[in-house]
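The values are calculated or read from the model by the stated rules, or taken from the named source; none is laboratory data. Everything numeric in this text was worked out from a predicted model, so none of it was measured. Here the Cβ positions follow ideal geometry from the backbone for every residue, glycine too, while neighbour counts run over all protein chains shown.
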Amino acid sequence: MRVARQWHGGIAGGLEICCTFPTEYVKTQLQLDERASKPAYKGPIDCTVKTVKGHGFLGLYRGLSSLLYGSIPKKAVG
C-alpha cells in the first residue's frame, strides 16, 4: 500500500511540474532578459509568442527533463 502511495506522489509531482513549467520558463526568460542591454521581450505574452514561433509549443518545455529527474523521486519519497 505504501509503495502505491509513493508512485502516486511521484506521478502527481510530475504532473504538477508539467502544468506549471511553461509559466516558470517565461518568468525566467523575462528575468534574464531584464539584464540584456537590448531587451528581446515586451512582456510575458510577447515572450510566449516568440518562444512558440521560434521553437514550437514544446519550446515552452525546454529544460523540463532535468527538473523532472529531481522532483519525481523527491515527491515519491516525501
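If you go through region 1-34, how many residues are basic (Lys, Arg) and modelled with pLDDT of 90 or more?
The total comes to 1.
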Restricting attention to region 27-78, report how many residues are touching a residue at least 60 places away in the same chain (Cβ under 8 Å) and exposed (fewer than 15 other Cβ atoms within 10 Å of the Cβ). 4
Can you tell me which residues in region 16-39 are closer than 20 Å to Gly56 by Cα and outside any helix (DSSP H, G or I)? none
On the basis of being at pLDDT 95 or above and out of contact with any Lys or Arg (no Cβ under 8 Å at 6 or more places or on another chain), does Gly63 make the cut? no
Scope region 17-26; condition under 12 Å from Leu64 (Cβ atoms) and surrounded by fewer than 15 Cβ atoms within 10 Å (Cβ to Cβ); matching residues: Cys18, Cys19, Thr20, Glu24
